[in-house]
Each structure stands twice: as structure tokens, then as C-alpha cells.
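Written below as C-alpha cells is the structure these notes are about.
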Amino acid sequence: DPRLNDLVGEISVRSDRFRQLWARHDVRPKRSGTERIHHPLVGPLDLSHEKLPIPDTDRQTLAVFHAASGSVSAQALTLLAATAAEAREPIRTFGVSEPRQHPQAVERNLEEIGSDARRLTRS
């Protein structure tokens with residue numbers, strides 16, 4: 001980006017400290033941290049994340065999110081996983097079992113998640 005190069009050049013001329021720091025090139029990608037995600041059914045989830053580079057894949061990464069064991073966020077994720085599992089019903093197509101969501105199961109479980117999520121956030 002030419003504008004970025006111009007900016008770096010301009011700051012480098014004006015600041016010895018910037019020039020020294022820029023020359024070190026010790027910038028590393030941020031690969032871990034925490035985020036708060038607002039899920040529409042269970043509310044806020046406080047999750048840690050790790051971003052793992054996948055070798056030989058043109059800079060692709062695998063992102064892994066997880067909640068602290070025993071936390072409200074972990075309970076909410078367990079609730080979501082259970083609901084998703086219940087909402088899937090095996091359907092036979094050409095002799096192959098293929099998971100597919102059953103509309104009534106999804107609707108029933110969404111109602112249950114809403115009441116369970118409200119209970120989780122109050123405790």
C-alpha cells in the first residue's frame with residue numbers, strides 16, 4: 001500500500017524511536033485471546049480462543065473457541081449442543097443415513113433453550 005509506505009516514511013523521519021521500533025520487525029500475529037459473543041438464544045458467552053496456522057494452506061487458520069470449565073458460558077454451550085443434537089433426526093436417503101433438522105424439534109428446543117438460558121443468566 002503506497003499510502004502506508006508514505007506514512008511510515010514520514011513518521012520515521014520525525015521519530016528516532018519509531019524508526020528503531022519499526023526496524024526491529026518484532027510484530028507477531030495475535031493467536032489467542034478472549035471474546036464476548038452474544039448468542040440470540042442463550043445470551044452472552046465469554047469464550048477463549050486460539051488461532052492455529054494450518055501448514056501449506058496459503059495462510060489458512062483453524063480457530064478454536066472454548067469456555068472455562070464450570071462457567072455460565074460452558075453451561076450455555078452444553079445447553080446449545082444438547083439442543084442441536086436433539087433437533088437432528090436421521091433420515092434415510094438412498095440407503096445413506098443423513099442428519100437433518102426436524103422443524104417441530106427445532107421449534108420445541110428453541111423454546112426450551114429460551115427458558116433455560118433465562119435461568120442460567122439469573123444464577
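The values are calculated or read from the model by the stated rules, or taken from the named source; none is laboratory data. Just so it is clear, the structure is predicted and the values come from calculations on it, not from any experiment. Glycine gets a Cβ as well: all are built from the backbone with ideal geometry, and neighbour counts include every protein chain shown.
Applying the condition of being in a loop (DSSP other than H, G, I, E, B) and in contact with a strand residue (DSSP E or B) (Cβ under 8 Å, 6 or more places away or on another chain) to region 31-56 and asking which residue is surrounded by the fewest Cβ atoms within 10 Å (Cβ to Cβ) yields 54. Take the conditions (1) at pLDDT below 90; (2) not in a helix (DSSP H, G or I); residue 21 misses just one of them, which is (2). Taking residue 78, is it surrounded by 10 or more Cβ atoms within 10 Å (Cβ to Cβ) and part of a helix (DSSP H, G or I)? When the stated conditions are applied, residue 78 passes them.
Here 41, 80 are screened, and the one residue that is without any contact (Cβ under 8 Å) to a residue 60 or more places away in the chain and of a type outside the set (Val, Ile, Thr) is 80.
Every residue, every condition in (1) in contact (Cβ under 8 Å) with a residue 60 or more places away in the chain; (2) small (Gly, Ala, Ser); (3) under 30 Å from residue 82 (Cβ atoms), yes or no:
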| position | (1), (2), (3) |
| --- | --- |
| 6 | no, no, no |
| 30 | no, no, no |
| 33 | no, yes, yes |
| 46 | no, no, yes |
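Among the residues making up region 40-60, those that are in contact with a helix residue (DSSP H, G or I) (Cβ under 7 Å, 6 or more places away or on another chain) and modelled with pLDDT of 90 or more are 45, 46, 47.
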